[in-house]
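Enquirer: Just dropping this structure here.
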Amino acid sequence: MFTGIVQAIGKLKKGNPLLIIEILDQPFDMQIGDSIAVDGICLTVKEISNNQFKVDVSEETLKKTTLGEKSNINQIVNLEPALRISDRLGGHIVSGHIDGLGKVENIEKLEKSWLLSIKWQNKKFSKYIVDKGSICVNGISLTIAKSENEGEIFTIAIIPHTWENTNLKNLAIGDSVNLEGDALIKYVEKLLKFNKNIDLENFPQEISSNWLKENGWNK
């Protein structure tokens with residue numbers, strides 16, 4: 001479990017068959033078997049050597065996240081070790097399981113911050129976007145400033161500290177990012193849908209006020 005508060009940045013190096021991550025700035029304690037969020041993807045440390053660690057990555061992860069492309073060109077990634085029980089929860093609960101990819105639509109420099117607009121590659125995940133809610137972008141816990149088209153496109157405000165200490169500053173329009181929606185929203189969605197008499201395969205994508213009333217949630 002993570003909080004979306006990046007502890008260090010690293011550089012990807014494609015090993016054979018392991019993926020190698022070189023820590024570039026602030027080293028942190030880790031042991032073999034530890035979970036590390038790499039650009040928001042929960043991976044397990046298999047080997048440690050000086051300022052580098054190695055992880056196994058499945059074909060599915062390489063295909064459905066940005067790691068496959070980034071490992072081929074030695075790009076920068078955000079790193080966060082797993083949360084300790086005694087740690088502060090500075091961001092929000094992050095599982096390290098990516099929902100889908102997003103594409104950078106626009107980057108706007110303001111006087112004291114940046115506005116970053118992102119579009120879901122798969123619109124079905126747009127339901128997890130709530131204005132002023134949380135979203136994890138490349139492993140970073142961020143707050144949604146506004147959204148469009150029912151959440152398909154959303155904008156986040158980036159403060160200077162986050163901009164300078166993560167790989168967000170390396171993004172360009174058209175780049176892909178890893179996205180994980182707020183887990184709390186997913187659990188609420190699951191509870192609302194749960195009913196032993198409901199055929200989940202044919203369950204409607206949208207939960208309407210009529211549906212809530214018919215199923216006893218809104219009297």
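Enquirer: Which one is nearest to THR162 (Cα to Cα) among residues in the stretch 1-21 that are modelled with pLDDT of 85 or more and open to solvent by 40 Å² or more (accessible area, probe 1.4 Å)?
Expert: ILE5
Enquirer: Please determine whether any residue of the stretch 22-38 is open to solvent by less than 40 Å² (accessible area, probe 1.4 Å) and closer than 24 Å to PHE154 by Cα.
Expert: There is at least one residue in the stretch 22-38 that is open to solvent by less than 40 Å² (accessible area, probe 1.4 Å) and closer than 24 Å to PHE154 by Cα.
Enquirer: Search the stretch 122-140 for residues that are under 27 Å from GLN7 (Cα atoms) and pair each with any residue that is assigned to a helix (DSSP H, G or I) and modelled with pLDDT under 95 when their beta-carbon atoms are under 6 Å apart and the residues are at least 6 apart or on different chains.
Expert: TYR128/ILE185; ILE129/GLY151
Enquirer: Do you know which of the residues in the stretch 93-114 that are free of Cβ contacts under 8 Å to residues at least 60 places away in the same chain and open to solvent by 40 Å² or more (accessible area, probe 1.4 Å) is nearest to GLU189 (Cα to Cα)?
Expert: Checked the stretch 93-114; the qualifying residue nearest to GLU189 (Cα to Cα) is GLU108.
Enquirer: Taking the stated definitions as given, is VAL38 in contact with a helix residue (DSSP H, G or I) (Cβ under 8 Å, 6 or more places away or on another chain) and either at pLDDT 95 or above or small (Gly, Ala, Ser) (or both)?
Expert: Taking the combined requirement at face value, the residue satisfies it.
The values are calculated or read from the model by the stated rules, or taken from the named source; none is laboratory data. Nothing here was measured: the structure is a model prediction, and the numbers come from that model. Methodologically, a virtual Cβ is constructed for each residue, glycine included, from the backbone with ideal geometry; neighbour enumeration extends over all protein chains shown. The accessibility values were calculated without ligands, DNA or RNA, using every heavy atom of the protein model including side chains. Shrake-Rupley method; radii C 1.70, N 1.55, O 1.52, S 1.80 Å.
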